[in-house]
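Right, I'll just put the structure down here and ask away after.
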Amino acid sequence: MTIWNNLLILFIMLFAMTVARAETQLDLNNEACAALQKADNELNQVYQNILAKYKTDKVFIDKFVNAQRKWIEFKDAYVDSMYIPEYQDNYGSVLPMCKCYFIENITEARTKQLKVWIDGVEEGDVCTGSVNQ
C-alpha cells in the first residue's frame, strides 16, 4: 500500500509542477516577441555606434546606410518566404512566436556582422576592407 501511496503522491506532485509551469500561447508569443525587441534594440545600437565612429567618412556612411536598407528588404522578403502571408491561417496561434524567434535569429546574425566595424578584425588580417583599426 505504501508503494501506491508514494506513486500517487509522486504523480500529484509532477502534475502540480507541470500545471504551475504551463504558459498560454499568448505568453509564449509575448516572450518571443520581447526577445526579438531586445535583439532589434541591440542591432540599432550597434548601427548607431558605427555611424558615430565613421561619421567623417561620407563615402563609407553612404554605402553602409544603403547596405543596411537593402538588408532590411532582404530580411522582410526572407521572412515572407518562410512564413508566407497568404498561408498565415495554416500556422495557427504559434505564428507570432515562430516569426519572432525566426526574425530574432536573423537580427542577431546581422548584429554580429555589423560588430566587426566596432570591434575590428584580428591583427595581421590584410583583408580588413572598410574596417578601421
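For the pair Glu123/Lys58, report the inter-label distance in nm, with labels modelled 7 Å from Cα in the Cβ direction.
That separation, rounded to one decimal, is 3.6 nm.
If you take the square roots of the eigenvalues of the alpha-carbon gyration tensor of segment 49-133 and sort them as a ≥ b ≥ c, do you get rounded (a/c under 1.5), prolate (a/b over b/c) or oblate?
Taking the square roots of the gyration eigenvalues as a ≥ b ≥ c, segment 49-133 is prolate.
Tally Lys/Arg at +1 and Asp/Glu at -1 over every other residue whose Cβ is under 13 Å from the Cβ of Ser93; what's the total?
-2
Around Lys112, what is the net charge, scoring Lys/Arg as +1 and Asp/Glu as -1 over all other residues with Cβ under 11 Å from its Cβ?
-1
Under a plain spin-label model, where a point goes 7 Å from the Cα along Cα-to-Cβ, how far apart in nm are Ala109 and Val94?
2.1 nm
Could you list Tyr54, Tyr91 so that the one with the fewest beta carbons within 10 Å of its beta carbon is first and the one with the most is last?
By the 10 Å Cβ count, ascending, the order reads Tyr91, Tyr54.
Since every read-out is calculated from the coordinates, none of them should be taken as a lab result. Keep in mind that this is a model prediction, so the values were computed, not measured. A quick note on method: Cβ atoms are made from the backbone with ideal geometry, for glycine too, and the neighbour counts reach across all protein chains shown.
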